[in-house]
Amino acid sequence: MNQSRRHFLRSSSLLATSLPLMSFTAAKAGAVEKSSTEKDALPKGLLFAPEEKSRILANFKSERFAAVAKDVFEPDFQAETAFLERELRVTNHALHLARARRTMETAALAFTLTGDERQLALSKLALRRLCDFPKWDYFLDGGKAVVGIQRAADSNLSTALTLDWLGDALSAEERERAEHDIGTKGAPACYLSLYGMKHPDRVRGWAFDPEDEYPHKYDMSRWPIILNSTNLKAIPTAGLGVAACVLRGKHPQAERWLEMARNSARSFALMFNSDGSYDEGVGYASYAASHIAVFTEVLWRTQGIDDRSIINYPGVVEMMLAMSMPTAGAPTKPAGERNIVVPHETIQPAYDIVNFGDSGVGLDVLIAPWVARTNKDKLSQHVATNIGFYKSHLGAIWYDRSLPAEAPPSELMDVRMNNDWVVSRSGWGTSDGVVALRSGGPANHEHADRNSVIFKAHGERLFHDPFRAAYSPDVQRWKLRQTSAHTALLIDGVGHQYHDGREGVNSSWAWARVQSYHTGKDWMSVTSDATEAYALIDESVLLVERTLIYLKPDILLMLDRVKLKERPRPVQVRFQVYNDDGQGAAATSWREFTITRPHAVLTGSTHALENVVTRIGRLDLPESDGVFPFIEATSPAATGHVVLTASVAAPAGEKCTALNVIREGDAWRVTGEHRGQKVTVFIIVADGKPPVITV
């Protein structure tokens, strides 16, 4: 990403060395009371002032925010009331507490914007029921003290916003009880989790609360270490920080909480790369960044402390833009029964993404309007207005349609992020082509997907990466995390190193590294070495390397090289077919294959040192979860493999013209013409260095 263009001057190393100073500064800042004049000059409200209500209401009335407007202004009052009064169980935090606090917050927002008394009654009922929970989270340290990770943190945030938005409509008793619970159930639990991440040697032992109903259990012994570099540090950071801001001057621990929250936010900011990219994927980038944004916004508006630039937020929006991949077709509801450890989202093709790992099924651009406002960033305003969708009403609160927007510059068509993820495109529309390569290192919420590829053209996913992998190995959809479920390479049917899931969706040890990356007019090439990832489970692996040559918009060449030091073995190259909607089809003939979708078709041919054959297979999952077809090209047993796949895409109804592939010693020549595009590519393969490519 173009860091200089974004004027982002903070470097990770500088920030890391300044953390002790920042900690001292945070402590001093928290100890200094502002004068009444200074406080009067601060913006009113935690997230918006009364005079901004008309702008926010206008946003909700626009088509852009129609979905979240329905959630806010059109709840099923009867169903929500019945749930809160009769169905809610205080031993169910994962679902019931989350539903209660979400209803409380959205109803409070609707009331403050419209004055609807039904919304007021619903919000107050939800607030009372939230306070009826003896604990606000379902993890314990040493079997006693509550550890706040998500539920306690979000309860803090929602309760603080509810108190702000309901204002004088709350009685003194209601406000006092809510503030008491923030100070006793919410903030201490969040502080304990952050303290444990900061000092894991002082943790007595995190575990699930045996009184809670959560059905799946993980080994949490390393969670204080694991979570310290994940989105699950950002959430309690935000929850603790907002609690400290609203209780400052009312609770004796508020200063201590604020210091911990600010230091935690700064240390977590290092998890974003200097260009704004984020290793857990674009979905969790939005989730984590928006939580930190809420905290820093509240901190600024209540205390006058400006930490709003601790992350390269314009760079985060650039990552979102890079991962945008809109496709065609109708929404697809999830297959299979609802399971708490399987994401249950409807696939919206218009908001499709490069979904490496657990990125989700659509591009949530929640942070973009906040970045546009706080950074006066025109590209962020363009994204906020035109790209992706909004999962939360916060987007409507932050969006300002009066800000100027600017379309993406051409240099963002080809992006190699600081985490070695590569995305190349011919444009930003539904019919444009996108190729993405998952190189780089391990991360929380990753899949076993090193060197895997996504290819989209003419509105369709043609080389696919699976959606909705399970978060627990107890569930069959855990198999969607494996290398075999990706457009990736297997050695004798086996992928690269991954873990068994006993600790959750934490990172593996698997690395791939980009060795060569070049771009030109309407083309991109990249070579990534994943040897280390495969050698972790097979010491005989000497080389696993993938090279992509993308001739925009329709032609993708893929060269795989494998070397083994002993025992000849076959190599399989898999191409996953998108079929969540039941409309993906595949066919093979010797070394050739075809993938057909409603709006596009792809034909490919595979070429190797020895004869290669293709077949159609299906992932080993129950049909109730869907049918997952793939095409597999097998290079027969050998200690050295070179497999070149030449694929072309076209709109449905048009013919794909096969390319000519000729091997000349250690070189490959690819020629032909497809849809008016002439192709002449030379690939020279030599030991010890990436292939040399001439386009």
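The values are calculated or read from the model by the stated rules, or taken from the named source; none is laboratory data. Every value quoted in this text rests on a predicted model; they were computed, and no experiment measured them. We place every Cβ from the backbone using ideal geometry, glycine too, and count neighbours over all the protein chains shown.
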Please find, within region 131-147, the residue that is surrounded by the most Cβ atoms within 10 Å (Cβ to Cβ) out of those that are over 13 Å from ASN92 (Cβ atoms) and out of contact with any strand residue (DSSP E or B) (no Cβ under 8 Å at 6 or more places or on another chain). CYS131
Checked region 666-688 for anything free of Cβ contacts under 8 Å to residues at least 60 places away in the same chain and farther than 14 Å from LEU644 by Cα; matches are GLY672, GLU673, GLY676, LYS678, THR680, ALA686, ASP687, GLY688
Between ASP164, ASP137, ASP132, ASP154, which is closer than 18 Å to GLU211 by Cβ and within 31 Å of the chain's Cα centre (by Cα)? ASP137
Which members of region 476-506 meet the condition of being touching a His at 6+ places or on another chain (Cβ under 8 Å), closer than 24 Å to ASP219 by Cα and in contact (Cβ under 8 Å) with a residue 60 or more places away in the chain? LEU480, VAL505, ASN506
Of those in region 245-259 that are touching a Lys or Arg at 6+ places or on another chain (Cβ under 8 Å) and not acidic (Asp, Glu), the residue nearest to SER229 (Cα to Cα) is LEU258
Just the residues that are assigned to a loop (DSSP other than H, G, I, E, B), surrounded by 18 or more Cβ atoms within 10 Å (Cβ to Cβ) and among the polar types (S, T, N, Q), please, taken from region 578-621. ASN579
When residues of region 171-214 are filtered for being under 25 Å from PRO252 (Cα atoms), within 30 Å of the chain's Cα centre (by Cα) and not in a helix (DSSP H, G or I), how many remain? 2
Can we say ASP465 is surrounded by 24 or more Cβ atoms within 10 Å (Cβ to Cβ), among the acidic types (Asp, Glu) and more than 17 Å from TYR534 (Cα to Cα)? yes
Out of THR162, THR184, report the one residue that is buried (at least 23 other Cβ atoms within 10 Å of the Cβ) and either at pLDDT below 95 or among the hydroxyl-bearing types (Ser, Thr, Tyr) (or both). THR162
Restricting attention to region 633-669, and to residues there that are exposed (fewer than 14 other Cβ atoms within 10 Å of the Cβ) and modelled with pLDDT under 95, which single residue is farthest from ALA457 (Cα to Cα)? GLY665
Residue tally, condition aliphatic (A, V, I, L, M) and within 29 Å of GLY501 (Cα to Cα), over region 414-444: 6
Those residues that are under 34 Å from the mean Cα position of the chain (by Cα) and among the small types (Gly, Ala, Ser), I need them from region 598-621; list them, please. ALA600, GLY604, SER605, GLY617
Sole exception among (1) under 27 Å from the mean Cα position of the chain (by Cα); (2) surrounded by 13 or more Cβ atoms within 10 Å (Cβ to Cβ) for GLU63, by number: (2)
Of all residues in region 204-221, count the ones that are touching a helix residue (DSSP H, G or I) at 6+ places or on another chain (Cβ under 8 Å) and either aromatic (Phe, Trp, Tyr) or over 13 Å from PHE139 (Cα atoms) (or both). 2
Within region 581-590, is there a residue that is farther than 17 Å from ILE555 by Cβ, at pLDDT 95 or above and of a type in the set (Val, Ile, Thr)? yes
What do you reckon, is ALA243 at pLDDT 95 or above and either hydroxyl-bearing (Ser, Thr, Tyr) or touching a Leu at 6+ places or on another chain (Cβ under 7 Å) (or both)? no
For region 622-645, indicate whether the set of residues that are under 31 Å from the mean Cα position of the chain (by Cα), of a type in the set (Val, Ile, Thr) and part of a strand (DSSP E or B) is non-empty. yes
Is it the case that some residue within region 506-521 is β-branched (Val, Ile, Thr) and out of contact with any strand residue (DSSP E or B) (no Cβ under 9 Å at 6 or more places or on another chain)? no
Condition (residue is touching a helix residue (DSSP H, G or I) at 6+ places or on another chain (Cβ under 6 Å), under 26 Å from LYS552 (Cβ atoms), crowded, with 19+ Cβ neighbours inside 10 Å and touching a residue at least 40 places away in the same chain (Cβ under 8 Å)) applied to region 419-432: is it met by at least one residue? yes
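Listed here are the residues, each with its yes/no results for (1) without any contact (Cβ under 8 Å) to a residue 60 or more places away in the chain; (2) within 25 Å of LEU161 (Cβ to Cβ); (3) surrounded by 17 or more Cβ atoms within 10 Å (Cβ to Cβ); (4) within 25 Å of the chain's Cα centre (by Cα).
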position	(1), (2), (3), (4)
LEU227	no, yes, yes, yes
LEU232	no, yes, yes, yes
ILE235	no, yes, yes, yes
ALA243	no, yes, yes, no
GLN253	no, yes, no, no
PHE268	yes, yes, yes, yes
Considering region 524-577, residues that are of a type in the set (Phe, Trp, Tyr) and in a strand (DSSP E or B), and then whichever is surrounded by the fewest Cβ atoms within 10 Å (Cβ to Cβ), we arrive at PHE575
